[in-house]
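Take a look at the structure set out below.
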Amino acid sequence: MFEFHQKVLFKHCDPAGIVFFPRYFEMINDCIEAFFDQGLNVPFHDLHREGALPTAQIQTQFPAPSRHGDQLIFQLQINRVGNSSATYTMTARCGNGGRLTCSATLVHIDADGRPEAWPDTIRWKLGSFMGEAA
């Protein structure tokens, strides 16, 4: 499982000091970018030179609010690796409290926006982050 740490900053919050939910999607993407860069040793910007890695589907729940100054720990696990896609589960917690659960699908596409098979090295690395229940 890949871990990404994110302190909740002022820019993430609404005037009440609670994370404005669209900012969570930015944090999710930051975790994905760090996962490819640090977890897979495949810099995200390299994948975007000749194609992209858009999110095709995402489902998210927010069981409790996060506040300015909270230290969030995001955990990412790959559930399935397809020919050109990968599904993952991500959670975020602060201490023992769950703040976010997410399941999503990423699709590897070429410069024309069509699905393109994962390179074998990336497919293998993605598989190394699959959980036992996946």
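The numbers here are math on the coordinates, done by the rules we state, and not lab data. Everything quoted here is computed from the prediction, not taken from an experiment. Because the Cβ atoms are built from the backbone with ideal geometry, glycine has one as well, and the counts that use them run over all protein chains shown.
Remark on Arg99: its backbone amide H falls under 5 Å from those of Ala92, Arg93, Cys94, a criterion applied only to residues 5 or more positions apart or on other chains, H modelled at 1.01 Å from N. In sequence order, segment 53-68 has phi-based couplings of 9, x, 7, 8, 7, 8, 10, 9, 10, 10, x, 7, x, 10, 10, 3 Hz under the Karplus curve 6.51 cos²θ - 1.76 cosθ + 1.60, θ = phi - 60°, and Gly or Pro positions carry x.
Calculate, for Glu33 and Asn96, the FRET efficiency according to 1/(1 + (r/R0)^6) with r their C-beta to C-beta distance and R0 35 Å; round to the nearest 0.05. Calculated transfer efficiency: 0.85.
Judged by the mean number of other Cβ atoms found within 10 Å, the most tightly packed of the peptides 32-40, 75-83 leads the ranking 32-40, 75-83.
Summing charges over all other residues whose Cβ lies under 10 Å from the Cβ of Ala111, with Lys and Arg as +1 and Asp and Glu as -1, gives -2.
For segment 87-101, the Karplus equation 6.51 cos²θ - 1.76 cosθ + 1.60, evaluated at θ = phi - 60°, returns couplings of 9, 9, 10, 9, 10, 9, 9, 10, x, 9, x, x, 10, 7, 10 Hz by residue, with Gly and Pro reported as x.
Taken about its Cα centre, the chain carries a charge dipole of about 440 debye when Lys and Arg each add +1 at the Cβ and Asp and Glu each add -1 at the Cβ.
Computed from backbone phi, the HN-Hα couplings of segment 111-125 come to 5, 8, x, 9, x, 10, 4, 4, x, 3, 5, 6, 4, 5, 5 Hz, rounded to whole numbers (Karplus: 6.51 cos²θ - 1.76 cosθ + 1.60, θ = phi - 60°; Gly and Pro given as x). Between (1) 103, 31, 25; (2) 45, 33, 24; (3) 51, 41, 30, which entry matches Cα extents along the principal axes in Å as derived from the coordinates of this structure? Given (1) 103, 31, 25; (2) 45, 33, 24; (3) 51, 41, 30, the structure-derived one carries the label (2).
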